[in-house]
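Worksheet for the structure shown next.
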Amino acid sequence: MRLEGKHALVTAAGQGIGRASALALASNGATVLATDVNPQLLQSLVGIPRLRTAVLNVLDKRAVDDAVASFPLLNVLFNCTGMVHEGSILDARDEEWEAAFALNVRSFYWLIQASLPHLLNNGKGSIINMSSIVGVKGLPNRFIYSATKAAVLGLTKSVAADFVSRGLRCNAICPGTVDTPSLAQRIAKAPDPEKARKAFVERQPLGRLVTPEEVASTVVFLASEESASYTGEIFHINGGMTL
Ligand SMILES: NC(=O)c1ccc[n+]([C@@H]2O[C@H](COP(=O)([O-])OP(=O)(O)OC[C@H]3O[C@@H](n4cnc5c(N)ncnc54)[C@H](O)[C@@H]3O)[C@@H](O)[C@H]2O)c1
């Protein structure tokens, strides 16, 4: 029960990394509000001890404010929403840029801004923001995605610097390729899915994909007091991609 007394709000908890993290936070003793835009996906989390689900579209500012207000004991926030846009700058359209920034960055800003009074008031607050390997390393055909994930790192460091003196921590996680449903969908859409999966595996020197549970372990660590002196840090989980 490393997280007894913690109250954690998780976004994008319906599947993949968000779901694994919501489960890991609850099984380590936290009280969890697991949110997602998709109510069907949240069904698989119903009945888990210490975990409550709520539909939340992070593109809706009022819904963000209401979700945070419904969870005033909050002291951990895991911002996990994000979409991958594939292509170089030559493929990018303004509406794709705006949609990606709205989901991958603006939603983090809204959730952090709404949560801050509670996080500061409740003490020992920890914000965990989902970035990606593409936020720190140039990879081909990820122009918009890379720009959003690098923005998450700037946002993380800024919040960390502004609130460190008040005991609030803010860190970012940068996974490599994680075996999640959305990755499976992207692979299935490739002209040669088997080749696409092999390419994802081969670019990680460890020779396999990262699991959602491995990322969830880092989320649990950052939510816990074991990480009490870490803030403004970037946690790489990528099977050696940044070696
Ligand atoms: N999978 C990877 O390889 C990988 C690698 C690095 C970083 N990431 C990042 O991790 C995060 C989660 O990725 P994943 O692959 O585990 O998830 P996923 O794409 O499989 O699932 C995303 C979840 O977000 C929800 N969602 C979509 N729009 C939403 C909205 N407007 N409001 C609330 N919820 C919404 C979906 O319903 C879904 O449950 C993303 O930020 C992604 O960029 C993923």
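The values are calculated or read from the model by the stated rules, or taken from the named source; none is laboratory data. As the structure is a computational prediction, the values presented were derived from the model and not from experiment. Counting neighbours? That spans all protein chains shown, and the Cβs are built from the backbone with ideal geometry, glycine included. To get the accessible areas, we keep the full protein, side chains included, count just its heavy atoms, and leave off ligands, DNA and RNA. Shrake-Rupley method; radii C 1.70, N 1.55, O 1.52, S 1.80 Å.
By how many nm would the segment from residue 69 to residue 121 lengthen if fully extended, with 0.36 nm per residue of separation less the alpha-carbon distance?
17.4 nm
Calculate, in nm to one decimal, what residue 242 and residue 57 gain on full extension: separation in residues at 0.36 nm each, minus their alpha carbon distance.
Contour length minus the Cα-Cα distance gives 63.3 nm.
With r as the distance between the Cβ atoms of residue 137 and residue 48 and R0 = 45 Å, compute the FRET efficiency 1/(1 + (r/R0)^6) and round to 0.05.
Plugging the Cβ-Cβ distance into 1/(1 + (r/R0)^6) gives 0.80.
Which sequence of 110, 97 reflects their accessible areas, 1.4 Å probe, from the largest down? Kindly include the intermediate steps, with their values, before the conclusion.
Values: 110 30, 97 95 Å².
Descending accessible area places them as 97, 110.
How long is the gain from residue 225 to residue 198 if the chain were fully straight, where each residue apart is worth 0.36 nm and the alpha carbon distance is subtracted?
5.9 nm
Once the convex hull of the C-alpha atoms of segment 90-188 is built, how many Å³ does it hold per residue, rounded to a whole number? Spell out each step's value before the answer.
On the way: hull volume 11.7 nm³, N = 99.
It comes to 118 Å³ per residue, whole-number rounded.
For residue 97 and residue 217, what does the FRET efficiency come to when R0 = 25 Å and r is the distance between their Cβ atoms, rounded to the nearest 0.05?
With R0 = 25 Å, the Cβ-Cβ based efficiency is 0.15.
Counting each DSSP H run of 4 or more residues in the chain as -39500 (n - 2.57), what helix-only mean residue ellipticity at 222 nm follows after dividing by all residues, to the nearest 500 deg cm²/dmol?
Rounded to the nearest 500, the figure is -12500 deg cm²/dmol.
In nm, to one decimal, how far is the residue 182 label point from the residue 113 one, both placed 7 Å along Cα→Cβ?
Taking the two extended label points, one gets 2.2 nm.
Quick one: with all protein chains in place, what share of the accessible area of the chain is carbon or sulfur, to the nearest percent (1.4 Å probe)?
Within the chain, the accessible surface is 54 percent carbon and sulfur.
Spelling out what I want: for every residue of segment 204-212, take phi, set θ = phi - 60°, compute 6.51 cos²θ - 1.76 cosθ + 1.60 (Karplus), and round to whole Hz; glycine and proline get x.
Per-residue couplings from phi come out as 9, x, 5, x, 7, 7, 6, 9, x Hz.
How would you order 117-123, 212-218, 156-162 from highest to lowest mean count of nearby Cβ atoms within 10 Å?
Details: 117-123: 15.7, 212-218: 19.0, 156-162: 17.3.
Ranked from most to least packed, the peptides come out as 212-218, 156-162, 117-123.
Explain nothing, just compute: Karplus ³J(HN,Hα) = 6.51 cos²θ - 1.76 cosθ + 1.60, θ = phi - 60°, for every residue of segment 18-32 in order, whole Hz, x for Gly and Pro.
With the stated coefficients, segment 18-32 comes to x, 5, 4, 6, 4, 5, 5, 4, 5, 6, 8, x, 6, 8, 10 Hz.
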